[in-house]
Amino acid sequence: SSSAAARTIRLVIPMPRNVKDASAPAVSPDGSFVVFTANLSSGSRQIFMQRLNESTPRAVERTEGAAEPIVSADGKWIAFRRSGKLEKISIDGGEALPIADSSTGLPGIAWLAGKTIIFTTSWLDSLSAVSSDGGAVKKVSTLDKARGEIGHWFPNPLPDGRHVLFTAWMKGAGLND
């Protein structure tokens, strides 16, 4: 059996003049681009994309006010939270499409292989799932309150594309003790 050689890519993203700071970077599954939230000098916020084969990042049109971007497993969509909604937009542009209700500023979103998005609906709740095409939101984890769990946060897809690793926040860990 052979294994792919590990390689390191260092990327310095030059911030455009109108960007004060940036956060929440998400790398596309094939590693060809990074999306991030940029706080603009105007006081607004927008998603930017930096392709590895381009010298500067560009604003993703129609993402004003967006936060917490993630990239779909096929690298064709960006999902994000904005104004109480979970939305998605094609990396090729177009209109942002609604997926589900979701407050902004919550701890985590993950896009699994296919169309499943796992996300938090509250700091003090378990994880939920929804199709990236929208539809019913369903709980996919259960807080173990007997052990003191008060929230499930920061879901990260595992290599199989069907499961996530997440943080179980515990009572007495410094939040809402």
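Every number here is computed from the coordinates shown, using simple stated rules; none is lab data. Because the structure is a prediction, the values reported are computed rather than measured. Positions of Cβ are backbone-derived with ideal geometry, glycine not excepted, and every protein chain shown enters the neighbour counts.
Of all the options 21, 92, 125, the one that moves most in a Gaussian network model of the chain with Cα springs shorter than 10 angstrom is 92.
Give, in nm to one decimal, the length gained when the segment between residue 11 and residue 147 is fully stretched (0.36 nm per residue of separation minus the Cα-Cα distance).
Values: separation 136, 0.36 × 136 = 48.96 nm, distance 4.17 nm.
Length gained between residue 11 and residue 147: 44.8 nm.
Between 158, 112, 11, the Gaussian network model of the chain with springs among Cα atoms under 10 angstrom shows the greatest mean-square fluctuation at 11. Averaging the sequence gap over all C-alpha pairs within less than 8 Å and six or more residues apart, then dividing by the number of residues, gives the chain a relative contact order of 12 percent.
For the stretch 73-177, applying the loop criterion from DSSP together with a ceiling of 10 other beta carbons within 10 Å to the GluC sites (Glu not before Pro) yields 95. Springs join every pair of Cα atoms under 10 Å in this Gaussian network model of the chain, and among 38, 136, 79 the largest mean-square fluctuation is at 136. For the stretch 103-177, the relative contact order works out to 26 percent when only alpha carbon pairs closer than 8 Å and six or more residues apart are counted.
To the nearest 20 debye, what charge dipole does the chain have about its Cα centre, counting +1 at the Cβ of each Lys and Arg and -1 at the Cβ of each Asp and Glu? Please list the in-between numbers first.
On the way: 20 positive and 17 negative charges, 35 e Å.
My answer is approximately 160 debye.
Exceedance of the 18 Å cut-off in Cα-Cα distance is limited, within the set 76/115; 20/88; 145/171; 76/139; 88/115, to 20/88; 76/139. Each Cα pair under 8 Å and six or more residues apart adds its separation to the average, and for the stretch 13-68 the resulting relative contact order is 31 percent. Think of the chain as having a plus end and a minus end, set by charges on the Cβ of Lys, Arg, Asp and Glu; of 19, 70, 122, 19 sits farthest toward the positive end of this dipole.
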